[in-house]
């Protein structure tokens, strides 16, 4: 794992988040908040989960161990969630630009929400976050399809194709 690999993965993550938010932001408010019986109940809830997890991991990488994800009370629209995500992504880019290849293999520790201490290589935890967001973007895609909205592919190779276009 190199910093170039991490830069590539987080470039993909930003691209895929943007694609997902572009489609979700076109939903009518009632569809955006419609209870669909999934892990986070709504498109809104699932997008908030993505942003919340990305924020939590950024905080952990910066030496803090938040005890919960941020609340959704001020994130009631796709645009508000997208704005918060933009702030988090800016923090991620700042952190990534300061990393070295050797830092990615160093042990990284944090305290989970339940108070447990966990230690992993920093690069592995960064890969985990991209995978986690991919998982929830897939859930959003399913929800969008259930709502009759057009959903786009955010597969990694689609990102490669976009880079080469």
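Would you tally the residues in segment 25-41 being within 17 Å of the chain's Cα centre (by Cα), closer than 11 Å to residue 143 by Cβ and either surrounded by fewer than 16 Cβ atoms within 10 Å (Cβ to Cβ) or modelled with pLDDT of 95 or more (or both)?
Residues in segment 25-41 being within 17 Å of the chain's Cα centre (by Cα), closer than 11 Å to residue 143 by Cβ and either surrounded by fewer than 16 Cβ atoms within 10 Å (Cβ to Cβ) or modelled with pLDDT of 95 or more (or both): 1 in total.
Might you let me know whether segment 67-82 holds any residue that is in a helix (DSSP H, G or I), within 13 Å of the chain's Cα centre (by Cα) and in contact (Cβ under 8 Å) with a residue 60 or more places away in the chain?
Yes, the conditions are met somewhere in segment 67-82.
Would you tally the residues in segment 126-146 being surrounded by 18 or more Cβ atoms within 10 Å (Cβ to Cβ) and either touching a strand residue (DSSP E or B) at 6+ places or on another chain (Cβ under 6 Å) or without any contact (Cβ under 8 Å) to a residue 40 or more places away in the chain (or both)?
Residues flagged as surrounded by 18 or more Cβ atoms within 10 Å (Cβ to Cβ) and either touching a strand residue (DSSP E or B) at 6+ places or on another chain (Cβ under 6 Å) or without any contact (Cβ under 8 Å) to a residue 40 or more places away in the chain (or both) within segment 126-146 amount to 0.
Can you tell me which condition residue 92 does not meet? The list is (1) farther than 17 Å from residue 11 by Cβ; (2) buried (at least 20 other Cβ atoms within 10 Å of the Cβ), and all the others hold.
Of the numbered conditions (1) farther than 17 Å from residue 11 by Cβ; (2) buried (at least 20 other Cβ atoms within 10 Å of the Cβ), the odd one out for residue 92 is (1).
Kindly indicate whether any position in segment 108-120 is over 13 Å from the mean Cα position of the chain (by Cα), loosely packed, with under 14 Cβ neighbours inside 10 Å and at positive phi.
yes
Go through segment 39-66 and report how many residues are in a helix (DSSP H, G or I) and within 24 Å of residue 147 (Cα to Cα).
10
Only one of (1) in a loop (DSSP other than H, G, I, E, B); (2) within 21 Å of residue 26 (Cα to Cα) is not met by residue 86, so which one is it?
Result: residue 86 fails condition (1) only.
When the residues of segment 129-165 are narrowed to those that are outside any helix (DSSP H, G or I) and touching a helix residue (DSSP H, G or I) at 6+ places or on another chain (Cβ under 7 Å), which ends up farthest from residue 22 (Cα to Cα)?
Filtering segment 129-165 for residues that are outside any helix (DSSP H, G or I) and touching a helix residue (DSSP H, G or I) at 6+ places or on another chain (Cβ under 7 Å), the one farthest from residue 22 (Cα to Cα) comes out as 147.
The values are calculated or read from the model by the stated rules, or taken from the named source; none is laboratory data. The model shown is predicted, which means the values in this text are computed figures rather than measured ones. Note that we place each Cβ from the backbone using ideal geometry, even for glycine, and neighbour counts take in every protein chain shown.
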